[in-house]
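Some notes on the structure that comes next.
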Amino acid sequence: MATQDRFVEWLGDLAQTMAESQEHLTELDSAIGDADHGSNMARGTAAVAELLDGEFPDTASLLKKAGMTLVSTVGGASGPLYGTFFIRLAGPLAGKSDVSAAELGAALRAGVDGVLQRGKAEPGDKTMYDAWAPALAAYDEAVTGGSDLGPALGAAAKAAAEGRDATGPLVARKGRASYLGERSAGHIDPGAASTTLLLESAARTLR
Amino acid sequence: MATQDRFVEWLGDLAQTMAESQEHLTELDSAIGDADHGSNMARGTAAVAELLDGEFPDTASLLKKAGMTLVSTVGGASGPLYGTFFIRLAGPLAGKSDVSAAELGAALRAGVDGVLQRGKAEPGDKTMYDAWAPALAAYDEAVTGGSDLGPALGAAAKAAAEGRDATGPLVARKGRASYLGERSAGHIDPGAASTTLLLESAARTLR
Amino acid sequence: MKKLINDPKDVVVEALRGMAGAHPDHLRVDLDNKVIYRKDAPVKGKVGLVSGGGSGHEPMHGGFVGLGMLDAACAGEVFTSPVPDQMEAATQAVDGGAGVLHIVKNYTGDVMNFEMAAEMADADSGVEVRTVVTNDDVAVKDSLYTAGRRGVGVTVLLEKLVGAAAEEGRPLAQVADLATRINESGRSMGLALTSCTVPAAGKPTFELGDDEFELGIGIHGEPGRERKAMAPARELAEQLLEPILDDLPRSSGQPVIAFVNGMGGTPLLELYLMFNEVSTILEKANIPISRSLVGNYITSLEMAGCSVTLQTADDDLIHLWDAPVNTPGLRWGA
Amino acid sequence: MKKLINDPKDVVVEALRGMAGAHPDHLRVDLDNKVIYRKDAPVKGKVGLVSGGGSGHEPMHGGFVGLGMLDAACAGEVFTSPVPDQMEAATQAVDGGAGVLHIVKNYTGDVMNFEMAAEMADADSGVEVRTVVTNDDVAVKDSLYTAGRRGVGVTVLLEKLVGAAAEEGRPLAQVADLATRINESGRSMGLALTSCTVPAAGKPTFELGDDEFELGIGIHGEPGRERKAMAPARELAEQLLEPILDDLPRSSGQPVIAFVNGMGGTPLLELYLMFNEVSTILEKANIPISRSLVGNYITSLEMAGCSVTLQTADDDLIHLWDAPVNTPGLRWGA
Ligand SMILES: Nc1ncnc2c1ncn2[C@@H]1O[C@H](COP(=O)(O)OP(=O)(O)O)[C@@H](O)[C@H]1O
Ligand SMILES: Nc1ncnc2c1ncn2[C@@H]1O[C@H](COP(=O)(O)OP(=O)(O)O)[C@@H](O)[C@H]1O
Ligand SMILES: [Mg+2]
Ligand SMILES: [Mg+2]
Ligand SMILES: [Mg+2]
Ligand SMILES: [Mg+2]
């Protein structure tokens, strides 16, 4: 069970994480993109952090507002994708303030489905989806195996990191990196890296 | 006595000298000017060299044509200055084919006066005039002392080189370098350097 | 990084403030939404044209707002697509009752954000929105295995041509179809001699040796398809034109609009020189140039390099090209 | 050095060929003399305006040839004044019977070459020639001990304003006096963030650290008066405006034309941002901006940096500024 306070904590931690990782993410995006992923994520999550002093009737409203804020402040490819993720994440949690491991699992699935619908990426396209997909599977497996939300998120983050690293050798087929053709191989996808950071932050804060 | 052939030889040697010194002169002009003096001199003297297959009734016509060619092909500050120098150099030699030491002395004075009238530089302004003025004095002194044209030009070239080196510490008061103010000190004037090359070339070829 | 900026975070809004100050008679700038409007928008009965994209491509798009071209341009952060809120605000504000055309360059981010904006506009107010996605960049091959061709130089020509059509009062369906047709009959290819530096990143996106260039670049300072050995302008022009001519659908004898575009850091002197090389090649290929454009119009900050765009032309397009346009970046007949 | 060129020796003539090809309806280019003419020159009864200078400052001067501006521009080698033969040919060709004004930037080479051309024109054909020498650059102090102030940004404004006066049919004496008055009521100051590379030289004219800029540069890629520590745009704008405002003769409340010019390698985004800083400072100083110009107009190849020019304006100047102009580099109302 994670209380609404934990989700507030998560979003605050996320902003801090992205601020600290801005340079790293931009460096990844310089190699196969346009050198803005770090500042995009830092700007958007900082805007989300500014919401956190407000009052929200439930966790779902908080997450939905966070998603809309990302849509309105990030731009680029990652804005609609992460924005959609949070808006969809909110869906299954409507009316809830405390969230169980199973409920979060359903919400995560809705969020990742949103990413998929928006971006139409397939596994191996070298996008953030290559971190989301294994993370979701690992989360479900952990919960099925009896884990609570915290450890399950830890497993998800670990799987995301593996997915992220596995994007290295891939040739991109979606997003800006796809323009590079073969030259995109040998570099980690920036979005897969930020997804991993997001899940690591969740694992640190949602218990 | 220098025959017309020697003057032809001089102008040919001059073109070669300027081609070889292009980079050096441009480097000097980069420090306190606009990085074109080398290509200006190389372009102009190459155009003059193209005249040399033609027929000229006398040395004066050759030199006048050379001057007009420099005016028409060099541009910048050095084009009118060196152009005027050669056009005026021709004046006192009108009708002559062979030129004596004294006649050349009068011609050089006319040429340098032309540079002075065109550019209105004063001694110490850090211009080519700072090479011309001591060169002319040294030439006259050598001829007065009994030197023939060749050795007198050697003395002139040596004096020009000293004049050139003496421009180093000066603060420019004419030409492009003057915009730099105090920052022009510590660099040799490119025009004084090309004037020295011109006189060294004369000393090598006019005998 | 050395730039004429204050804080990287404020670059876009401060530049917009400058645009507002420099063009008070022609433009109105909404600094909160970062949207540049034609002063007299909405123009009653005229199809509204909305474009936008990341900043750093100036004069595109904000410099193309005005009579005979765009009604509004949404400015994103540098090289980052603007957000749906901006596009929705712009769409509402320029609708003069005849609907709105969104002109979108084919980049994942731009497409997704404009998609969300069109959904919002429709839901909120029922403004009829049509969208054209430009994708003229022949550097991107195998578009099945990529995000598809990028929208580059044709975007500029399209905004001019379609802007003239809208100004004439053509209805939305016609304007949208024209836009599609223009996109389909134009092709572009670009090269970079240097990288550029995104202000928030603080250092060049890539490094390039003094004897290399990047062939097949886009407009976001990203590296190109291939790194090649530097060559004379003559050969570079060939390397740009060959893939364009291979791919451009045209009938023999059909004239083109030829567009040599600077990426931002290359002097006009060199762009005209490149135009001369392009003309020479087209002349040899018996392709008449009926109109031309040479200059910095769709740029990547201070990147050195250029792109070439060929757009096949017919009488209607030439008529639209010659029609008056009055924007900060492109102006004639007005 | 990486540039879009073939042989450095051919840069100017190849670029002129490109200009001729890109503007066939408006310009005629004499490739032998390297002179760009207004297509309909000589215009009967109109004072002919001839300018010129080294290449590398594009669009100035060739890009300012056309209705309401120059009749001819002589192109020298890069950063090298053209030669008298070019100027004389141009003078003869544009004389429509009302005499010719030479617009010369104050550099030793330009002045001497134009002087010789005026002597030749007068001797050969009796065309009446008047000359205005622009010298608006406040970076050059102590002009008694230098070649005098350089002609920079005011040259662009002057060519526009005086061009309009000539187009109206004002006689030579009036046009020349107007030119002198304009030069006296304008001041400029520039800065560089990077050097540029003269094609024939093959390497940058100077090197500049990542934390420095050159204050008080001219337009020939030459170093400036002082090397200073890099600062935010806000402070740079102050460093440019302070010496201008100290020196500009104006009565209180008198408006100015404000001109933020790019040196060639600085993105338009930054130039608009600089314009915003300039506006802010002028607003504080109670100096109204009645007209403005922002962009790359008088450049130093690919140098990064900018210059600011303020020109005090009265009703006649505003009227002349607003008059139609139709050139590749500056166009409105036509
Ligand atoms: N179609 C897509 N589906 C999923 N993720 C995508 C897609 N396109 C791009 N991405 C992700 O977005 C990341 C880039 O985000 P960002 O740099 O912020 O935007 P932009 O590419 O517009 O500059 C990529 O690294 C990739 O993970
Ligand atoms: N007024 C002058 N009188 C004499 N020599 C001058 C004068 N002005 C400039 N020079 C000379 O011209 C040289 C520069 O020539 P160059 O670089 O070819 O022309 P520019 O300065 O127009 O680029 C200077 O080094 C100086 O010697
Ligand atoms: Mg990116
Ligand atoms: Mg020079
Ligand atoms: Mg981006
Ligand atoms: Mg010069």
Any pair with Cβ under 6 angstrom, 6 or more apart, that starts in region B:148-171 at a residue that is on the phi < 0 side of the Ramachandran plot and free of Cβ contacts under 8 Å to residues at least 24 places away in the same chain and ends at one that is of a type outside the set (S, T, Y) and in a helix (DSSP H, G or I):
B:A155/B:A138; B:A155/B:A142
Considering only residues that are surrounded by fewer than 24 Cβ atoms within 10 Å (Cβ to Cβ) and in a loop (DSSP other than H, G, I, E, B), which ones fall in region D:150-178?
D:E168, D:G169, D:R170, D:P171
Could you please tell me which pairs satisfy a Cβ distance under 6 Å, a separation of 6+ or placement on different chains, a first residue in region D:76-89 that is within 7 Å of chain B (Cβ to nearest Cβ), and a second residue that is surrounded by fewer than 24 Cβ atoms within 10 Å (Cβ to Cβ) and in a strand (DSSP E or B)?
none
Applying the selection to region B:156-184, what residues are away from chain D (no Cβ under 13 Å) and surrounded by fewer than 21 Cβ atoms within 10 Å (Cβ to Cβ)?
B:K158, B:A161, B:E162, B:D165, B:A166, B:G168, B:P169
Among the residues of region C:193-215, how many are touching a Leu at 6+ places or on another chain (Cβ under 8 Å) and at pLDDT below 95?
1
Among the listed residues B:R118, B:R109, B:R88, which satisfies the condition of being at negative phi, open to solvent by less than 50 Å² (accessible area, probe 1.4 Å) and of a type in the set (K, R)?
B:R118
I'd like to know if region C:108-121 contains one or more residues that are more than 14 Å from chain A (Cβ to nearest Cβ) and either modelled with pLDDT of 95 or more or in a loop (DSSP other than H, G, I, E, B) (or both).
no
Condition (residue is outside any loop (DSSP other than H, G, I, E, B), aliphatic (A, V, I, L, M) and either more than 16 Å from ligand 5 (Cβ to nearest atom) or open to solvent by 10 Å² or more (accessible area, probe 1.4 Å) (or both)) applied to region D:197-207: is it met by at least one residue?
no
Those residues that are in contact (Cβ under 8 Å) with a residue 60 or more places away in the chain, open to solvent by less than 10 Å² (accessible area, probe 1.4 Å) and within 14 Å of chain C (Cβ to nearest Cβ), I need them from region D:45-58; list them, please.
D:G54, D:G56, D:H57
If you check C:N261 against the conditions, is it without any contact (Cβ under 8 Å) to a residue 12 or more places away in the chain, under 21 Å from C:V156 (Cβ atoms) and crowded, with 17+ Cβ neighbours inside 10 Å?
no
Being of a type in the set (S, T, Y), more than 16 Å from ligand 4 (Cβ to nearest atom) and open to solvent by 40 Å² or more (accessible area, probe 1.4 Å) narrows A:T69, A:T144 down to just A:T144
Let me spell it out: the conditions are (1) open to solvent by 10 Å² or more (accessible area, probe 1.4 Å); (2) within 16 Å of ligand 1 (Cβ to nearest atom), and C:D85 meets all of them except one. Which number is the exception?
(2)
If I go through region C:125-140 residue by residue, how many of them are open to solvent by 10 Å² or more (accessible area, probe 1.4 Å), within 14 Å of another protein chain (Cβ to nearest Cβ) and touching a Phe, Trp or Tyr at 6+ places or on another chain (Cβ under 9 Å)?
0
If you take the residues of region A:27-47 that are touching a residue at least 40 places away in the same chain (Cβ under 8 Å) and more than 15 Å from the chain's Cα centre (by Cα), which of them is farthest from ligand 1 (Cβ to nearest atom)?
A:A31
In this structure, is A:E23 part of a helix (DSSP H, G or I), open to solvent by 10 Å² or more (accessible area, probe 1.4 Å) and not aromatic (F, W, Y)?
yes
From the options A:L136, A:L153, A:L149, residue that is at pLDDT 95 or above, in contact with a strand residue (DSSP E or B) (Cβ under 9 Å, 6 or more places away or on another chain) and either over 19 Å from C:G109 (Cβ atoms) or surrounded by 22 or more Cβ atoms within 10 Å (Cβ to Cβ) (or both)
A:L149
Hey, any hits in region D:180-193 for a residue that's open to solvent by 40 Å² or more (accessible area, probe 1.4 Å) and over 28 Å from D:M69 (Cα atoms)?
no
From the list B:S100, B:S61, B:S78, exactly one residue is closer than 30 Å to D:G56 by Cα and either within 14 Å of chain D (Cβ to nearest Cβ) or not aliphatic (A, V, I, L, M) (or both). Which is it?
B:S78
Across region C:255-281, the tally of residues that are touching a Pro at 6+ places or on another chain (Cβ under 8 Å) and more than 9 Å from every other protein chain (Cβ to nearest Cβ) stands at 2
Hits in region D:286-309 (condition: without any contact (Cβ under 8 Å) to a residue 60 or more places away in the chain, more than 8 Å from chain C (Cβ to nearest Cβ) and open to solvent by less than 50 Å² (accessible area, probe 1.4 Å))
D:I287, D:S290, D:G295
For region A:84-122, name all the residues that are in contact with a Pro (Cβ under 9 Å, 6 or more places away or on another chain) and within 12 Å of ligand 1 (Cβ to nearest atom).
A:R118, A:G119
All positions within region D:286-323 that are within 25 Å of D:G209 (Cα to Cα) and not charged (D, E, K, R)
D:N296, D:I298, D:T299, D:S300, D:L301, D:M303, D:A304, D:G305, D:C306, D:S307, D:V308
Within region D:9-25, count every residue that is in contact (Cβ under 8 Å) with a residue 40 or more places away in the chain and within 7 Å of chain C (Cβ to nearest Cβ).
4
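The values are calculated or read from the model by the stated rules, or taken from the named source; none is laboratory data. Just so you know, these numbers come straight off a predicted model, no measurement behind them. No Cβ is skipped: glycine too gets one built from the backbone with ideal geometry, and neighbour counts run over all protein chains shown. For the accessible areas, the whole protein counts, side chains as well, though only heavy atoms, and no ligand, DNA or RNA atoms are used. Shrake-Rupley method; radii C 1.70, N 1.55, O 1.52, S 1.80 Å.
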